[in-house]
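Inspection log for the structure reproduced underneath, given as structure tokens.
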Amino acid sequence: MTIGAYFIWKSLNSADDMEIIVTKLPAIEKPEKNVEEIIIPGRDGSLTVDDGTYATTVKTVECALDRGDINSLCAWLTGSGFVTFSNEPDKQYMAQIINSIALKEIIPTFRTFIVQFNCQPKKYSTTNELITINTSPATISNPGTVNAKPMITVYGTGTIELEINSTVIH
């Protein structure tokens with residue numbers, strides 16, 4: 001069982017599986033909106049165009065490694081996948097690691113390093129459950145705070161009518 005700060009990347013726990021000491025987790029933050037600001041000469045202020053989307057966020061984790069396998073660490077901390085941070089254990093982000101990772105030697109066996117996760121702006125639940133409906137009518141609600149893009153698969157025989165936000169699909 002993990003005690004202290006950790007992150008989960010590619011299904012491995014930084015503390016339990018990789019023996020990494022996390023010294024600083026990223027802040028929990030609302031991502032920046034993608035808004036275009038237009039300056040019009042002779043007009044006070046500016047106009048803004050909001051397309052309803054959010055920017056990628058960079059979440060920085062400060063870490064230390066004592067006697068760990070550096071080659072395995074570097075192989076693990078690459079590519080893309082889902083990341084979960086211990087200060088938000090029920091959420092995960094789609095992320096990518098593209099920065100270089102410099103392992104600074106503090107003493108012969110102890111190194112510090114920083115990992116930067118380029119995260120898509122929306123959080124996903126770590127407990128996504130398959131919902132099966134066997135009755136009609138039935139209602140499913142989004143427990144999140146932003147529009148969801150669920151995957152819906154319908155199996156059945158006969159006439160099936162699926163209504164999503166007042167749009168009927170036959």
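Report the residue, chosen from Ala148, Ala95, Ala27, that carries the largest GNM mean-square fluctuation when the chain is represented by alpha-carbon nodes joined by springs under 10 Å. Looking only at Ala148, Ala95, Ala27, the largest GNM fluctuation is found for Ala148. Probing with 1.4 Å while keeping every protein chain in the model, the per residue accessible area of the stretch 12-56 equals 73 Å². Remark on Ala15: its backbone amide H falls under 5 Å from those of Phe7, Ile20, a criterion applied only to residues 5 or more positions apart or on other chains, H modelled at 1.01 Å from N. In the chain, excluding the sites themselves, the longest stretch lacking any of the trypsin sites (Lys or Arg not before Pro) that are in a DSSP loop with at most 15 other Cβ atoms within 10 Å is 68-170.
Summing charges over neighbours of Pro26, with a neighbour being any other residue whose Cβ is under 15 Å away from its Cβ, gives +1 when K and R count +1 and D and E count -1. The H on the amide N of Asn99, modeled in the peptide plane, is under 5 Å from the matching H of Gln116, each at least 5 residues off or on a different chain. Comparing Asn13, Asn71, Asn87 in a Gaussian network model of the chain, where Cα atoms under 10 Å apart are tied by springs, the biggest mean-square fluctuation is seen for Asn71. Phi angles of the stretch 117-124 translate, via the Karplus equation with coefficients 6.51, -1.76, 1.60 and θ = phi - 60°, into HN-Hα couplings of 9, 7, 9, 5, x, 9, 8, 10 Hz per residue; Gly and Pro are given as x.
Using C-alpha pairs under 8 Å with a sequence gap of at least 6, the mean separation divided by the residue count of the chain gives a relative contact order of 19 percent. Ile28 contributes about 100 Å² of solvent-accessible surface, heavy atoms of the protein only, 1.4 Å probe.
Rolling a 1.4 angstrom probe over the chain with all protein chains present gives an accessible area of which 52% lies on carbon and sulfur atoms. Under 5 Å from the amide H of Lys10 lie the amide H atoms of Phe82, each residue being 5 or more positions distant or on a separate chain, with H modelled from the backbone and absent for Pro and chain starts. Of the labelled figures (i) 47, 44, 24; (ii) 69, 61, 24; (iii) 61, 32, 27, only one reflects Cα extents along the principal axes in Å as derived from the coordinates, namely (ii). Considering helices alone, the calculated mean residue ellipticity of the chain at 222 nm is -1000 deg cm²/dmol, with DSSP H runs of length four and up weighted by -39500 (n - 2.57) and normalised per residue. Each Cα pair under 8 Å and six or more residues apart adds its separation to the average, and for the stretch 57-142 the resulting relative contact order is 35 percent. Counting only residues at least eight positions apart within a chain, or on another chain, the aspartates and glutamates with an alpha carbon under 15 Å from that of Lys122 are Glu29, Glu32, Glu88, Asp90.
The values are calculated or read from the model by the stated rules, or taken from the named source; none is laboratory data. Computed from a prediction, not measured in an experiment: that's the story for all the values here. Glycine gets a Cβ as well: all are built from the backbone with ideal geometry, and neighbour counts include every protein chain shown. Protein only, heavy atoms only, side chains kept; ligands, DNA and RNA dropped before computing areas. Shrake-Rupley method; radii C 1.70, N 1.55, O 1.52, S 1.80 Å.
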